[in-house]
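Please read the structure below before turning to the comments.
Just so you know, all these numbers are worked out from the coordinates, no wet-lab data involved. Keep in mind that this is a model prediction, so the values were computed, not measured. So basically every Cβ, Gly included, is an ideal-geometry build from the backbone, and we count neighbours across all protein chains shown.
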There are 2 protein chains.
Amino acid sequence: MITVEEARQLLFGLVATMPEEQVALADAAGRVLMRDVKAERDQPPFAASSMDGYALKSAEVERHAMFKVIGEAAAGQRFTGTVGPGQAVRIFTGAPVPEGADFVVIQEDTDLRGDLLTITEDPGQKTNIRPAGVDFTIGDTVSAPRVLSPEDLALLAAMNVPFVSVATKPQIALIATGNELVMPGEAPGPDQIIASNSFGIKALLEKAGAHVRMLPVAQDTLSSLETAFGLAEGADLVVTIGGASVGDYDLVAEASQRLGLEQSFYKVLMRPGKPLMAGRLGDAAMIGLPGNPVSAMVCGYLFLVPLVKKMLGIQTVDPILHQAILSKALPPNGPREHYMRARLESDGIRAFEDQDSSLLSVLARSNALLMRPPNDPARAAGETVSYLPI
Amino acid sequence: MITVEEARQLLFGLVATMPEEQVALADAAGRVLMRDVKAERDQPPFAASSMDGYALKSAEVERHAMFKVIGEAAAGQRFTGTVGPGQAVRIFTGAPVPEGADFVVIQEDTDLRGDLLTITEDPGQKTNIRPAGVDFTIGDTVSAPRVLSPEDLALLAAMNVPFVSVATKPQIALIATGNELVMPGEAPGPDQIIASNSFGIKALLEKAGAHVRMLPVAQDTLSSLETAFGLAEGADLVVTIGGASVGDYDLVAEASQRLGLEQSFYKVLMRPGKPLMAGRLGDAAMIGLPGNPVSAMVCGYLFLVPLVKKMLGIQTVDPILHQAILSKALPPNGPREHYMRARLESDGIRAFEDQDSSLLSVLARSNALLMRPPNDPARAAGETVSYLPI
């Protein structure tokens, strides 16, 4: 069996970076920028006032000095003349500073009677002028790849960029398998349960930036599975869940192999989630998740989310483990990397008592996966452990 | 002037919790659950095998014991008979445990010849049976309010909940004002700049769970502003940005007052963002953001995001400040709460040199707002400071 990290690297080898597409800036939040954007203008494009006040010559600035106000400069409407000696121009925040002026006295430091302005307070040294290009200048770059934040969008807008090149969202087809499954809202037979994994995995993948199609539940027959794989046509990634009713993956593996699967790996040295499989299936990558709900979600965090990020061209994709103080002792771990459902509180982190991989209620109460390395010895309260926030 | 916290409380008083709507579970990720959901079934609904193996009587379990295999129980298809003494039923993970059996020997511990099963290894004490209802039982509750996580969705699906009651998304109308503004993609005149705030604020609000309409840029005239407010009809919250070209908010305040604004406050003891205003305008709350890009975004984090959360019925809505070690000394702060653009790295947090509120490039490089209380004394590197992650 291979390790979690080895499995992740093999998975990364199964996918390519998505092609780019153009989207309007207003729709680009959270998308991954694929091409550097260069500013084609300076910001501000002119020296601009940062305050409401009066533009005049700095050499003439002193308390009790008097000026004649000869015009007005507003944002969007400059004063077209030149400020001469003894002259001032009423100016508002964001307005271009008129020619001849190099200082803005804020209005609170002045007194205006008619068109006669007096500086009544010491205006200090600050010019209250933003030089042209102080925010950015032509050629300044917003570099790719980056997940576009609200701040990035504001900056790109200021650069006059109406469209950006972002990674196309990976198309993921989700196939839950099992005769025992019905969809929420249906009436399950006495031996049946509700397909729940698809809902958690879909939400996780969409949050990571993928587009997810939830296909109909496949029955445990080769023909039903082949039909489902047929419906997945066009997907960049096919994710199956389960196949447990006739032994883990027997039918999923057989059906996908009939369709030409080149298997990359089967089984990972981890808990839960051991019976993970992956390979290439035609133009798509394929991952077979275990059917136990918690196993499927843990594999989602450890493998699917990083894989989607990789496809989107994001540079840092591996799950980032944090450190916390254990608030309750743990027994020794077995030979597999163990991701325990856990709760991080102000007094530290503690794993839930029952770690059975069927328990969605425990998973929903968790906010962390506490990671135990293989053969980790018993840990006492107060020791530092690693966890993945969820 | 009022404090940031006072302003936030006044804002909360301007809005009500949104009404609820029903959405399909597959579309409910990230939405805010408004009604408790009670399980109407047990999970699992029957005692189920957690392994592939053989179901038989625990009293008969010992190494070398032999059994006759009388049938099969698969997930979705139970064995309808009863397991008698000396009998076993082939069973797969998730299948109902047949009547008469109370133990599953995993297949790795057995040898099967024809229909004759021998236990070859010591099967230990673990029954490998998940009792009915071990995950949840009828009446177990997923409680509102909560932001629905992928794990919540999986749990709700397992409870057979096809639709959930969530808070309707607040409708927010965004009005950027100013003669100097054109939209990205347009050709700005020599005195003009690009409307950038709307893009950052829209992304921030949508991430918080709102639906945002970006209205056309309003010119600095009462009639243009009144037209814009008219277009905002039906919104739960109207957000204006700027109005700086004729002094902060003069026209926005005048236009909104003509339309019946009941002003709640104007100006907050903070930096940047001082000239914030808010009130009730007909059926909507109204907030006037300052026009400087960084001021607008800081007000977005401090006021708009908490307000949207409040409208969605989320319980903890105030921004949560974190602590970090200062990696570069800071001068004393003035009388206003100061939110400095800062970068948190592994060696601590440092504020950017230039804190001018027009600098989007600095904001885009920031990952934190370093918070200085009013009149905070100078701080040396190594001291602990508070910050808001952005």
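If you stretched the chain out fully between B:Glu5 and B:Ile325, how much longer would it get, using 0.36 nm times the residue separation minus the C-alpha to C-alpha distance? The partial results should precede the final answer.
Numbers: separation 320, 0.36 × 320 = 115.20 nm, distance 2.43 nm.
Result for the pair: 112.8 nm of gain on full extension.
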Inset, instruction - Would you order A:Leu14, B:Leu117 from fewest to most other beta-carbon atoms within 10 Å of each residue's own beta-carbon? - result: A:Leu14, B:Leu117
Legend entry - Likely footprinting exposure, B:Leu269, A:Leu174, fewest C-beta neighbours within 10 Å first: B:Leu269, A:Leu174
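For peptide B:24-32, compute the average count of partner chain beta-carbon atoms within 10 Å of each residue's beta-carbon. Could the numbers behind the result be given before it?
Numbers: counts 2, 7, 9, 3, 2, 7, 3, 0, 0.
Averaged over the peptide's residues, the number is 4.
Can you tell me the FRET efficiency between B:His211 and A:His211 if r is taken as the Cβ-Cβ distance and R0 is 22 Å, rounded to the nearest 0.05? It would help to have the intermediate numbers written out before the result.
Details: r = 20 Å, r/R0 = 0.92.
About 0.65, to the nearest 0.05.
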Inset, instruction - With springs only between Cα atoms under 10 Å apart, run a GNM on chain A and tell me which of A:Gln43, A:Gln77, A:Gln22 wobbles the most. - result: A:Gln77
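Please say if the protein assembly as shown is rounded, prolate or oblate, where rounded means a/c under 1.5 for a ≥ b ≥ c the square roots of the C-alpha gyration tensor eigenvalues, and otherwise the choice is prolate for a/b larger than b/c and oblate otherwise? Before the final figure, lay out the partial values.
Values: a/c = 2.58, a/b = 2.53, b/c = 1.02.
Note, shape of the protein assembly as shown comes out prolate.
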Legend entry - Cross-link partners of A:Lys310 among lysines (Cα-Cα below 22 Å; sequence separation of 8 or more within a chain): A:Lys169, A:Lys202, A:Lys207, A:Lys267
Legend entry - Note, ³J(HN,Hα) from phi for the range A:112-123, Karplus 6.51, -1.76, 1.60, rounded to Hz, x at Gly and Pro: 10, 10, x, 9, 9, 9, 10, 7, 9, 10, 5, x
Inset, instruction - Starting with the fewest neighbours, write out A:Leu56, A:Leu344, A:Leu112 ranked by other beta-carbon atoms found within 10 Å of each beta-carbon. - result: A:Leu112, A:Leu344, A:Leu56
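As a check on your grasp of the helix formula, calculate [θ] at 222 nm for the protein assembly as shown: sum -39500 (n - 2.57) over DSSP H runs of n ≥ 4, divide by the residue count, round to the nearest 500. Walk me through the numbers before you get to the answer.
Numbers: 16 runs with 138 residues, N = 780.
So the helix-based figure for the protein assembly as shown works out to -5000 deg cm²/dmol.
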Legend entry - Amide H contacts under 5 Å for A:Arg213, placed H, 5+ residues apart: A:Ile172, A:Ala173, A:Leu174
Inset, instruction - With springs only between Cα atoms under 10 Å apart, run a GNM on chain A and tell me which of A:Val182, A:Val147, A:Val104 wobbles the most. - result: A:Val104
Inset, instruction - Tabulate in residue order the Karplus-calculated ³J(HN,Hα) for the range A:48-62, using 6.51 cos²θ - 1.76 cosθ + 1.60 with θ = phi - 60°, rounded to whole Hz; enter x for Gly and Pro. - result: 10, 6, 9, 9, 7, x, 9, 8, 7, 8, 4, 5, 9, 6, 7
Inset, instruction - Can you tell me the relative contact order of the range B:216-349? Whole percent, Cα pairs under 8 Å, sequence separation 6 or more. - result: 20
Inset, instruction - Pull out a ≥ b ≥ c, the square roots of the eigenvalues of the alpha-carbon gyration tensor of the range A:322-389, then state rounded if a/c is under 1.5, prolate if not and a/b is larger than b/c, and oblate in the remaining case. - result: oblate
Legend entry - For A:Leu112, net neighbour charge (Lys/Arg +1, Asp/Glu -1) across residues whose Cβ lies under 14 Å away: -4
Inset, instruction - May I ask you to evaluate 6.51 cos²θ - 1.76 cosθ + 1.60, the Karplus curve with θ = phi - 60°, for each residue of the range A:161-170 and list the ³J(HN,Hα) values in order in whole Hz, giving x for glycine and proline? - result: 9, x, 10, 10, 8, 10, 5, 4, 5, x
Inset, instruction - Can you tell me the FRET efficiency between A:Glu226 and A:Asp111 if r is taken as the Cβ-Cβ distance and R0 is 60 Å, rounded to the nearest 0.05? - result: 0.10
Legend entry - Proximal lysines relative to A:Lys126, as straight alpha-carbon distance under 19 Å, when same-chain residues fewer than 8 apart are discounted: A:Lys57
Legend entry - FRET efficiency, A:Asp318 to A:Ala187 (Cβ-Cβ, R0 51 Å, nearest 0.05): 0.75
Legend entry - Fluctuation leader among A:Gly30, A:Gly53, A:Gly243 - chain A, Gaussian network, Cα springs under 10 angstrom: A:Gly53
Legend entry - Residues whose placed amide H lies under 5 Å from that of B:Ile91, excluding near-sequence neighbours: B:Gly53, B:Tyr54, B:Ala55, B:Ala73
Inset, instruction - Along Cα→Cβ, 7 Å out, is where each label goes; now give me the distance between the ones at A:His64 and A:Arg35 in nm to one decimal. - result: 6.3
Legend entry - chain B, relative contact order in percent, only Cα pairs under 8 angstrom and at least six apart counted: 17
Legend entry - For A:Gln315, net neighbour charge (Lys/Arg +1, Asp/Glu -1) across residues whose Cβ lies under 11 Å away: +2
Inset, instruction - Hey, can you grab everything whose amide H is under 5 Å from the amide H of B:Ala368? Only 5+ residues off in sequence or another chain; H modelled, so Pro and N-termini drop out. - result: B:Ala342, B:Leu344, B:Ile390
Inset, instruction - Considering Cα pairs under 8 angstrom that are at least six residues apart, work out the relative contact order of the range B:48-130 and quote it in whole percent. - result: 41
Legend entry - Inter-label distance for B:Ser346 and B:Asp283, nm, one decimal - labels placed 7 Å from Cα along Cα-to-Cβ: 5.5
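Over the whole of B:143-152, what's the average partner chain Cβ count within 10 Å per residue? Rounded to a whole number, please.
Working: counts 0, 0, 0, 1, 0, 3, 9, 15, 17, 6.
The mean count of partner-chain Cβ atoms within 10 Å per residue comes to 5.
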